[in-house]
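Since the structure comes first, as structure tokens, the remarks are kept for the end.
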Amino acid sequence: MDWLQVVVLAVVQGITEFLPISSSAHLILVPVLTAWEDQGLAFDVALHLGSLAAVVLYFRHEILRMLASSVDAATGKGVNEDAKLALWVVLATLPVCIIGFLGRDLVAEHMRSTLIIGMSLIGFGVVLGYADWKNRGSRSEYHLRLKDVLIIGVAQALALIPGTSRSGITITAALLVGMSREGAARFSFLLSIPVIVLAGGLEVIGLASSPAPIDWPAMIVGTLLSGISAYLCIHYFLVIIKKLGMQPFVVYRVLFGAWLLWFFHF
């Protein structure tokens with residue numbers, strides 16, 4: 001890879017991983033619009049590692065409280081709101097793990113088309129806009145109920161469809177069950193941690209059987225750029241939605257999806 005490819009892919013991954021605009025749509029589009037060769041599994045792992053480091057660093061205080069409270073709950077010292085939040089993160093991750101394991105080959109072979117991506121961007125974008133306009137409430141991530149968690153978890157499994165956006169669909173579901181914009185986004189970001197770990201783990205398994213050489217300088221730079229851009233993205237996204245809500249991202253999704261359909265199918 002040349003350095004321009006490293007920078008573009010790392011920044012695109014870092015920004016789109018957490019915005020409700022679909023990272024898969026953008027990463028699939030990059031090689032379509034350029035002459036770049038596939039970046040390989042090793043670089044994909046590096047980009048995911050950067051995104052994971054960013055979200056863990058940003059929510060480090062919450063994560064430490066959740067871990068400590070989970071240990072206390074497991075040793076009979078009582079269940080507080082942080083231990084319950086940790087349980088909710090685990091439960092909401094189960095559907096995407098099960099469906100992803102059973103259906104990943106179907107998605108990889110038959111659903112990574114620009115037609116599906118374009119329609120998903122538009123369709124799920126409109127639903128996000130409706131949820132943000134009509135159904136948002138005031139509850140934070142600490143005021144979720146089991147029913148809410150199951151709905152968000154099942155919705156997250158829809159993100160296996162390219163163009164849906166994992167963050168977009170989980171934020172949409174969270175808004176529909178009455179969460180605030182900030183609470184929905186924060187819970188979505190916490191849910192990204194086990195998902196990125198699992199996705200990265202699958203890539204590592206594939207990397208172990210790959211004979212391709214590893215470009216360590218590109219891996220290191222890609223990890224750093226992905227992490228920095230992801231961290232800044234999380235921070236400013238939470239600032240933006242307090243003032244503007246989700247509608248700017250809805251408009252972007254609809255326009256991007258319409259352009260994809262026009263450019264590739266008309």
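The values are calculated or read from the model by the stated rules, or taken from the named source; none is laboratory data. Worth saying up front: this structure is predicted, and the values here are computed from it rather than measured. So basically every Cβ, Gly included, is an ideal-geometry build from the backbone, and we count neighbours across all protein chains shown. These accessible areas exclude ligands, DNA and RNA; they are computed on the full protein's heavy atoms, side chains included. Shrake-Rupley method; radii C 1.70, N 1.55, O 1.52, S 1.80 Å.
Quick notes
- Taking the average, over residues, of other Cβ atoms within 10 Å as the packing measure, peptides 84-95, 165-176, 9-20, 38-49 rank 165-176, 9-20, 38-49, 84-95 from highest down.
- Accessible surface of segment 127-168 [probe 1.4 Å, protein heavy atoms]: carbon and sulfur percent: 65
- Computed over neighbours whose Cβ is under 9 Å from that of His48, the net charge equals -3, Lys and Arg +1, Asp and Glu -1.
- Viscosity 0.890 mPa s, temperature 25 °C, Stokes-Einstein D of the chain from Kirkwood C-alpha radius, µm²/s: 130
- Among Gly118, Gly163, Gly201, residue whose mean-square fluctuation peaks in a GNM of the chain (springs only between Cα atoms under 10 Å): Gly201
- When each of the peptides 215-223, 134-142 is scored by the mean number of other C-beta atoms lying within 10 Å of its residues, the order from highest to lowest reads 215-223, 134-142.
- Equivalent-ellipsoid semi-axes of segment 170-266, from the Cα gyration tensor, Å, largest first: 30, 21, 15
- Across segment 85-177 the C-alpha pair distances fall into 5 Å bins from zero in the proportions 2, 14, 22, 23, 18, 12, 6, 2, 0 percent.
- Largest to smallest accessible area among Phe266, Phe189 [probe 1.4 Å]: Phe266, Phe189
- Span-like helix ranges in the chain, DSSP H, alpha carbon extent 27 angstrom or more, Kyte mean at least 0.5: 81-110, 181-208, 216-244
- Convex hull volume per residue in cubic angstrom - Cα atoms of segment 160-208: 71
- Placing unit charges on the Cβ atoms of the charged side chains and taking the dipole of segment 6-94 about its Cα centre, the candidate lying farthest along the positive direction among Ser51, Ala83, Ile28 is Ala83.
- Calculated P(r) tail over 22 Å for segment 1-159, as whole % of Cα pairs: 57
- Using the rule -39500 (n - 2.57) for each DSSP H run of four or more residues, divided by the residues of the chain, the 222 nm mean residue ellipticity is -26000 deg cm²/dmol.
- All C-alpha to C-alpha distances of segment 5-65, sorted into 5 Å bins beginning at zero, yield P(r) values of 3, 17, 26, 23, 14, 8, 5, 2, 1, 0 percent in whole numbers.
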